[in-house]
1. Sort 92, 55 by Cβ crowding within 10 Å, fewest neighbours at the top.
2. Set the Förster distance to 22 Å, then compute FRET efficiency between residue 119 and residue 72 from the Cβ-Cβ distance, nearest 0.05.
3. I'm a student and want to see the number: the projected area of the Cα convex hull of the range 89-208, averaged over all directions, in nm².
4. Using label points projected 7 Å from each Cα along Cα→Cβ, tell me how many nm separate residue 127 and residue 175, to one decimal.
5. Evaluate the distance, in nm, between pseudo-label points positioned 7 Å from the Cα of residue 144 and of residue 87 along their respective Cα→Cβ axes.
6. Over the range 112-172, what per residue volume does the convex hull of the Cα atoms give, in whole Å³?
7. Taking 0.36 nm per intervening residue step and subtracting the Cα-Cα distance, what contour gain separates residue 100 from residue 191 on full extension?
8. Computed FRET efficiency, Cβ-Cβ of residue 157 and residue 203, R0 41 Å: what is it to the nearest 0.05?
Ligand SMILES: *[C@@H]1O[C@H](CO)[C@@H](O)[C@H](O)[C@H]1NC(C)=O
């Protein structure tokens, strides 16, 4: 490639990037514009990852690399929480962290039902939406309560055992209805109004 073409390529890169790696300690670091390109320059050790030798022992690194010989990959934003930059823009995260920049906490087993994993005092924890609870937000909440052995199976929804009905499993079911104003107080059990009695309040006591 003729030198002018190289220069064009380099100055094009300068506009797009801004990383100059300088091997000699007396040379300025991080200067992108206005450098002198020496076509006879020699860099020892050689520039890595597509870096260009622009002065003796001075590499101009391609995008995503830095260091005296462009040996280090760079990640922007930087890898957070102790993550290591493997190659440009690719972080390897420490356990408990995830996401492109290791900026996200990860909860073992995940957070269900819209829960969000967040660090609470440095410990990953699921922050659950209001209707769910448990370590993974796996347990539904029934604010009304599920009585008589009912189970909360979804937010506000109780699954009731046989013989009970209602939002909180609070209504007993009497397969045969209670008569004469009697009230079903438990599955198949009527509480009768005087003067009635019997399983269904069907009997009228004799009045003396
Ligand atoms: C660069 O290094 C070579 C070989 O060591 C040397 O001949 C040359 O003069 C150097 N160029 C500059 C500008 O220092």
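1. Ranking 92, 55 by Cβ neighbours within 10 Å, fewest first, gives 92, 55.
2. Numbers: r = 28 Å, r/R0 = 1.26.
For R0 = 22 Å, the calculated efficiency reads 0.20.
3. Over all viewing directions, the range 89-208 projects a mean Cα-hull area of 10.7 nm².
4. Distance between the two pseudo-spin positions: 5.2 nm.
5. 5.7
6. Per residue, the Cα convex hull of the range 112-172 comes to 71 Å³.
7. Numbers: separation 91, 0.36 × 91 = 32.76 nm, distance 6.56 nm.
So the chain would gain 26.2 nm between residue 100 and residue 191.
8. Numbers: r = 40 Å, r/R0 = 0.97.
FRET efficiency, residue 157 to residue 203: 0.55.
No lab work stands behind these numbers, since they all come straight from the coordinates. Quick caveat: nothing in here was measured; it's all calculated off a predicted structure. Every residue, glycine as well, gets a Cβ built from its backbone with ideal geometry; the counts of neighbours run over all protein chains shown.
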